[in-house]
Amino acid sequence: MPISLWQHISTNTLWLLLARISGQGVLFLVGVLIARFLGPQALGQYALITTIVAVGNIATSFGMDTHLMRVAGQTRATNAPEYSVGLYIQLLLSALYICVIWLFADRWTDAAWALRWFSLTLIPLGFATIYSALLRGFERMDVLLRYQVVTAVAQLIGTLGVIILQPTLLNVLLVLGIGQTLGVVYGGWQLYRVLPTLQLWQRPTSTVFKSTLNSGLLLVLLMVIVTLSQRLGTLTLAYVVDETAVGYLNAASRLTEGIRLLPIALFGALFPVLAQSQTASAAQRQQVNRLVLALCSGLVGIALCLHWAAEPIVQLLYGQGWEPSTTVLKILGWNLAITVVVQRFSVTLIARGFDKAVVVASLLQLLLAVPLFYGLTAAYGLVGTAWATVISSVLNALLLWQTWRYCFQRTPL
């Protein structure tokens with residue numbers, strides 16, 4: 001791959017990494033503040049509520065974020081009618097999902113009203129999903145970074161104010177929603193500033209609407225499956241044990257999720273490049289493989305460090321009383337390198353249009369993971385959930401590897 005292209009990818013990776021650090025960093029700090037001032041049960045409720053809303057945001061996007069990234073990356077058109085279809089679908093499904101939450105929140109969590117009010121965040125999140133997809137598709141990661149930083153700062157200032165004045169879970173979630181709304185307003189302004197000819201409010205034809213829906217169906221199914229797989233530990237613990245155990249899991253998993261931001265940003269930067277080319281030379285594959293190997297090696301080293309330093313890290317961040325999170329952190333550290341392999345296969349397959357194959361592999365992994373999580377959690381509690389997470393990722397990597405071999409007719413990696 002030409003050096004100039006690698007420089008371009010490196011720059012986009014840096015912007016995406018910083019954008020994700022700003023967003024995930026605030027959520028991590030919010031979790032730490034909730035843990036210190038409101039306790040494990042409140043952190044567990046926070047994790048469960050944000051999981052329900054996150055699954056809703058993925059489902060209501062209907063796969064339009066990935067589809068719009070592909071359209072923007074391939075056509076570079078600012079007036080593609082698919083953009084409007086994606087936005088309309090996102091807003092309509094978000095409204096329906098909010099209604100469902102308001103009706104059934106009492107059955108899902110003790111903090112029902114906190115869930116109800118936080119579900120309204122799905123509307124600004126819908127705009128945020130479309131804005132982010134277009135900025136990434138047009139490779140304006142620098143603008144995405146500014147947008148994410150503004151959102152993160154607004155949410156962090158609001159959370160600190162609530163913790164100082166009146167620390168309750170409901171108040172924290174309300175200011176997070178307000179911060180997200182302010183960030184979306186700024187993000188929309190920035191989007192139209194760099195893409196002044198962008199047309200988001202078109203009236204698409206029925207043909208375009210149907211074709212876009214068909215393209216998004218597999219993608220939304222995939223995103224929901226992946227999100228459920230990632231949150232299966234939280235959902236299983238909430239069902240089998242209690243929300244306090246969810247809090248201990250969330251305290252450890254937020255640390256490992258922060259470390260995963262680098263590979264996520266890298267593959268996010270590679271996506272538009274992969275979408276523009278259906279083939280890759282042997283030299284290009286070797287360069288990508290060397291990068292993946294280097295990432296895996298570095299993450300194995302980090303896992304070793306977490307194994308030895310988990311106790312002081314947890315105590316430093318959360319204080320006394322969080323000993324169960326120490327053991328979980330040691331186990332989840334080994335999952336870091338495995339997730340890089342999963343991303344290597346899945347992102348490339350999706351970028352090259354093998355959506356159906358990835359859906360089948362991911363669905364099979366989820367079907368295997370559900371009894372695995374339930375059995376290990378019921379038998380060993382929180383530790384069982386942590387090991388189920390690692391084993392499930394290994395299964396995912398193996399299934400995607402076989403999918404790769406099938407789709408590319410055993411083409412060397």
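The values are calculated or read from the model by the stated rules, or taken from the named source; none is laboratory data. For clarity, every value in this text was computed on a predicted model and none was experimentally measured. Here the Cβ is made from the backbone with ideal geometry for all residues, glycine too, and neighbour counts use every protein chain on show.
Of note, Ala59 satisfies the criterion of being under 30 Å from Thr207 (Cβ atoms), surrounded by fewer than 24 Cβ atoms within 10 Å (Cβ to Cβ) and either without any contact (Cβ under 8 Å) to a residue 60 or more places away in the chain or among the small types (Gly, Ala, Ser) (or both). Output the residue which, of all residues in segment 338-383 that are aromatic (Phe, Trp, Tyr) and closer than 30 Å to Ala245 by Cβ, is nearest to the chain's Cα centre (by Cα). Once the filter is applied, the top-ranked residue is Phe373.
Take segment 151-179 and flag every residue that is in contact (Cβ under 8 Å) with a residue 24 or more places away in the chain and crowded, with 20+ Cβ neighbours inside 10 Å. Of everything in segment 151-179, those that are in contact (Cβ under 8 Å) with a residue 24 or more places away in the chain and crowded, with 20+ Cβ neighbours inside 10 Å turn out to be Thr151, Ala152, Ala154, Gln155, Leu156, Thr159, Leu169, Val172, Leu173, Leu176, Gly177, Gly179.
Looking at Thr377, Thr411, Thr389 in this structure, which one is at pLDDT below 95 and under 23 Å from Ile264 (Cβ atoms)? Answer to the selection: Thr389. Restricting to segment 182-204, name every residue that is assigned to a helix (DSSP H, G or I) and touching a residue at least 60 places away in the same chain (Cβ under 8 Å). Scanning segment 182-204 gives Val184, Gly187, Gly188, Leu191. Being over 17 Å from the mean Cα position of the chain (by Cα) and surrounded by 20 or more Cβ atoms within 10 Å (Cβ to Cβ) holds for only one residue in Ile130, Ile101, and it is Ile101. Checking Thr13 against (1) at pLDDT 80 or above; (2) in contact with a Leu (Cβ under 8 Å, 6 or more places away or on another chain); (3) not aromatic (Phe, Trp, Tyr): exactly one of these is not met. Which one? The failed condition is (1).
I'd like to verify a number: residues in segment 32-81 that are within 30 Å of Gln166 (Cβ to Cβ) and of a type in the set (Gly, Ala, Ser), how many? Matching residues across segment 32-81 total 7.
Residues that are modelled with pLDDT of 80 or more and farther than 22 Å from Asp355 by Cα number at least 1 in the following helices (runs of 4 or more DSSP H) confined to segment 29-126: 40-61, 81-108, 112-119. Applying the set (1) of a type outside the set (Asp, Glu); (2) over 29 Å from Thr50 (Cα atoms); (3) modelled with pLDDT under 85; (4) surrounded by 13 or more Cβ atoms within 10 Å (Cβ to Cβ) to Ala269 leaves exactly one unmet item: (2).
Considering only residues in segment 297-327 that are modelled with pLDDT under 85 and surrounded by 17 or more Cβ atoms within 10 Å (Cβ to Cβ), the one that is farthest from the chain's Cα centre (by Cα) turns out to be Trp322. Can you run down the residue pairs with Cβ atoms below 6 Å, 6 or more apart or on separate chains, where the first is in segment 370-381 and surrounded by 16 or more Cβ atoms within 10 Å (Cβ to Cβ) and the partner is among the aliphatic types (A, V, I, L, M) and assigned to a helix (DSSP H, G or I)? Listed by first residue and then by second, the contacts come to Leu372/Ala388; Phe373/Leu232; Phe373/Ala388; Leu376/Ala388; Thr377/Val240.
Here the condition is being in contact with a Pro (Cβ under 6 Å, 6 or more places away or on another chain), assigned to a helix (DSSP H, G or I), surrounded by fewer than 23 Cβ atoms within 10 Å (Cβ to Cβ) and at negative phi; of Thr244, Thr207, Thr227, Thr256, it holds for Thr244 alone. Screening Ala77 against (1) in contact (Cβ under 8 Å) with a residue 60 or more places away in the chain; (2) more than 24 Å from Leu232 (Cβ to Cβ); (3) not hydroxyl-bearing (Ser, Thr, Tyr) leaves a single unmet condition, (1). So Leu48 ticks every box in (1) farther than 30 Å from Arg203 by Cα; (2) over 16 Å from the mean Cα position of the chain (by Cα) but one. Which box is left unticked? In the conditions (1) farther than 30 Å from Arg203 by Cα; (2) over 16 Å from the mean Cα position of the chain (by Cα), Leu48 misses (2) alone.
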